[in-house]
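Asker: Would you mind keeping the following structure in view while I ask a few things?
The values are calculated or read from the model by the stated rules, or taken from the named source; none is laboratory data. It should be emphasised that the depicted structure is a prediction, and the values quoted were computed from it without experimental measurement. Positions of Cβ are generated from backbone atoms using ideal geometry, with glycine treated the same way; all protein chains shown enter the neighbour counts.
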């Protein structure tokens, strides 16, 4: 799986100059029935 966060738009909405355009989180989920949590901290 791949989750892409549009951090450029986020920082612009906050009135700040973005230093990166996006942040990607790439992971694999193997076991069925298990929950997987992806947390992004900016």
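Asker: Yes or no: region 19-32 includes at least one residue that is surrounded by 10 or more Cβ atoms within 10 Å (Cβ to Cβ), assigned to a loop (DSSP other than H, G, I, E, B), at pLDDT 90 or above and under 13 Å from the mean Cα position of the chain (by Cα).
Answerer: Scanning region 19-32 turns up at least one residue that is surrounded by 10 or more Cβ atoms within 10 Å (Cβ to Cβ), assigned to a loop (DSSP other than H, G, I, E, B), at pLDDT 90 or above and under 13 Å from the mean Cα position of the chain (by Cα).
Asker: Based on what the data block shows, is residue 15 part of a loop (DSSP other than H, G, I, E, B) and modelled with pLDDT of 90 or more? Quick ask: steps written out before the conclusion?
Answerer: On the way: part of a loop (DSSP other than H, G, I, E, B): yes; modelled with pLDDT of 90 or more: yes.
Considered against the rule, which asks whether it is part of a loop (DSSP other than H, G, I, E, B) and modelled with pLDDT of 90 or more, residue 15 comes out as yes.
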